[in-house]
Amino acid sequence: MRVVLQRVTQAIVEVNGASVGEINSGLLLFVAVAKGDTQKDVDQLVDKICKLRIFSDGGPSFMEKNIIDVEGSILVVSQFTLYGNTQKGTRPDFTLSAPFAEAEGLYEYMIRKFLEKEIHTESGSFGDHMEISLINDGPVTLIIDSNKK
């Protein structure tokens with residue numbers, strides 16, 4: 001699995017002009033599932049994301065607290081294009097991306113895992129064309145892989 005994580009002060013995802021997910025201070029996660037990914041990959045990423053110290057404590061260091069410490073929110077958005085291979089030709093190849101049903105199941109599992117940790121979690125609409133608006137805080141943007149593929 002691959003996640004592009006952005007620390008945000010606000011993020012909104014819309015489908016056909018209607019909001020389907022919206023958060024204030026927290027993390028926007030763009031999530032891609034690769035062939036062969038399992039719930040173990042999700043568990044590893046959720047644990048890592050929850051422990052990442054990327055929020056300010058108000059002191060001289062700007063990265064001392066994690067999402068749980070600051071009682072932040074998470075917005076999870078599916079983005080299979082994170083596994084797009086552009087090395088050959090001019091059209092991305094998505095052969096590393098998991099099949100739709102498999103990816104959707106792990107995406108939903110990830111959302112449940114964040115909710116189990118009592119983090120306010122919202123999501124996009126899996127497989128739909130979405131428009132995302134965000135205010136990146138910092139900016140802080142990280143790429144996290146459950147394994148190197």
**Item:** C-alpha long axis of helix 100-116 to longest principal axis of the chain, angle in °
**Value:** 10 degrees
**Prompt:** From the residues Thr86, Ala98, Ile67, which one has its Cα farthest along the dipole of the chain in the positive direction, the dipole being from +1 and -1 charges on Cβ of Lys/Arg and Asp/Glu about the Cα centre?
**Reply:** Thr86
**Asked** Which of Gly36, Met130, Ser25 sits closest to the plus end of the dipole of the chain, meaning its Cα is farthest towards the positive end, when Lys and Arg get +1 and Asp and Glu get -1 on the C-beta?
**Response** Gly36
**Proximal charge balance of Ile49 [Cβ under 12 Å; K/R count +1, D/E count -1]** = +4
**Asked** So how tilted is helix 39-51 from the main axis of the chain? Cα-based, degrees 0 to 90, rounded to 10.
**Response** 30 degrees
**Prompt:** Given Cα pairs under 8 Å that are at least 6 residues apart, what percent is the relative contact order of the range 2-145?
**Reply:** 38 percent
**Fill in**
If the chain between Asp145 and Glu116 were fully extended at 0.36 nm per residue, the gain over the current Cα-Cα distance would be 8.3 nm
**Fill in**
Fewest to most Cβ atoms within 10 Å: Asp145, Asp69 sort as Asp69, Asp145
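Read-outs throughout are calculated quantities, based only on the coordinates presented, and are distinct from any laboratory measurement. Remember, it's a predicted structure, so these values are computed and weren't measured experimentally. Counting neighbours? That spans all protein chains shown, and the Cβs are built from the backbone with ideal geometry, glycine included.
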